[in-house]
Amino acid sequence: MEQPISISETEPAVSHSTVRRVVAASTAGTALEWYDYFAYGTASALVFNRLFFPSLSPLAGTLVSFLAFASGFLMRPLGAVVFGHMGDRYGRKFTLLVTVTGMGIATGLIGLLPTYEAIGTLAPIFLVSLRLLQGLSVGGEWGGAATICLEHAPPGYAARYTMFVQMGGPMGTLLSTGMYALLNLLPGDDFISWGWRIPFLASFVFVFIGMYMRLRIEESPVFQEALERENVAKAPLIATLRTSWRQVVAGVFVVQSGFYVVTTFVLSYGTTVLGLPRPLILTATLLGTVVEIGVICIYGILADRYGAVRVFIVSTALNIVVAFPVFLLVDTKVPVLVTLGVVLGIAIVASPFGVLGVVLGKWFAVETRYTGLSVSYQVGSIASGFLPSICIGVLDVAGGRSWGVSALLVLIAIIALVGCLAGQATLKRTSASSIVSSL
């Protein structure tokens, strides 16, 4: 195989308007993907236990709902392999069109599902099946969006371009949580009977917007050149594991994040365990998400100036600092302090992801970048999917006190730091380091 082309050796041979379209389409598509995912996570915490698992106790029903939420994460590695193969063989653009379509349709269909009361055990079966389809689609989304933005980025602007992809997460959260916050104004019976369906049905509209934007973008210039030179991997997964397996393993550790602890679990913990008003937690989540977007912007700018790895290490270390204060503030039950705790948790715990695309992108060559990014990210995300369920178990072991969950956040941050340092060390062992080191 010929030596791959670096995305940083030359300025992309495309106009700035084209690059902006790529970034906008990638961000919008990723926002849609995460909107769909967060809509499911929020519904899991608020209504799915009552509508699809009514025979269980409230706590047990919530636990099973979170397990159904986690089931989608089990499909994400398969999606990473399938769509990584497509992206590295046939193109980033085509593959991203497939992922956004699959995700949007699966989410929209959830809004049409009959409940347990209507069709019995078929209801949770259909729910989990659509959740698995969600997971399959999202498995190829982030890696592709990060790759195509990274490969269009001019030298010295890699972090500022890829950070917009990471903003898709908080934007999706903002849209989903904001919609639920508005629907929460409905009378309780209306919300339970039909209101919860609206965020899912809206996905049918959003998917057409995402498809339109992605149809207007151009293929990655370095991938297009590699394709013309017949310099693409015939079996991207095999090529990735043969040349970059150390980077994949390190990437699995790097992507560990307590994001679902400070979003999905906190929503359930605040309303179910502490008895806090649901609007308070939803509003705090919205505020935290807005602040997170600002922090991601700052991290992206700093990463281009001082290096993505340095910014990732410092920002992840901050997670350790805030892990205990976040839950101490929430436990006060004082609205202002609860809001401060949730905002602090979301803004600090989730923000290191703002530079993750550049950190991982440095570790893989053009031929296997889509697969390498997707597989490492999605395999690592399996544990994240089970975090809300794990937190319930940790909370029980700790006698209902939140210190156990805070300790879990510290552990997660340490794992990510170890993964980052290990991944950087692997660059010294591979010839690809000389090709991508200037990212």
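How high is the relative contact order of the range 253-381, in percent, with contacts defined as C-alpha pairs under 8 Å that are six or more residues apart?
36 percent
Pop the C-beta distance of residue 403 and residue 208 into the FRET formula with R0 = 45 Å and round what comes out to the nearest 0.05.
Result of the calculation: an efficiency of 0.45.
Could you work out how far helix 308-331 tilts from the main Cα principal axis of the chain, as a 0 to 90 degree angle to the nearest 10?
Roughly 0 degrees between the two axes.
Pick from 182, 427, 136: which residue has the top mean-square fluctuation in a GNM of the chain where Cα pairs under 10 Å get a spring?
182
Take the alpha carbon gyration tensor of the range 179-335, find the square roots of its eigenvalues, order them as a ≥ b ≥ c, and report rounded if a/c is under 1.5; if not, report prolate when a/b exceeds b/c, else oblate.
Oblate.
Between residue 185 and residue 290, what FRET efficiency follows from the Cβ-Cβ distance if R0 is 22 Å, with the result rounded to 0.05?
For residue 185 and residue 290, the calculated efficiency is 0.65.
Where does helix 369-397 land angle-wise versus the long Cα axis of the chain, in degrees 0 to 90, nearest 10?
20 degrees
If I take every Cα pair under 8 Å that is 6 or more residues apart in the chain, average their sequence separation and divide by the length, what percent do I get for the relative contact order?
26 percent
Counting only pairs 8 or more places apart or on different chains, how many lysine pairs in the range 16-436 have C-alpha atoms closer than 22 Å?
Taking the Cα cut-off of 22 Å, the pair count is 4.
By counting other Cβ atoms within 10 Å of each Cβ, how are 351, 26, 384 ranked from fewest to most?
384, 351, 26
When a footprinting reagent is the concern and you count Cβ atoms within 10 Å, what order do 165, 266, 322, 314 take, fewest first?
314, 322, 165, 266
Can you find, among 420, 148, 176, the residue sitting farthest towards the positive end of the charge dipole of the chain, where Lys and Arg contribute +1 and Asp and Glu -1 at Cβ?
420
Could you work out [θ]222 nm for the chain from helices alone, using -39500 (n - 2.57) per DSSP H run of at least four and dividing by all its residues? Round to the nearest 500 deg cm²/dmol.
-25000 deg cm²/dmol
Quick note: the coordinates plus some simple rules give every number you see, no bench work behind them. Here the structure is a predicted model, which means the values were calculated and not measured. Cβ: placed from backbone, ideal geometry, glycine included. Neighbour counts: every protein chain shown.
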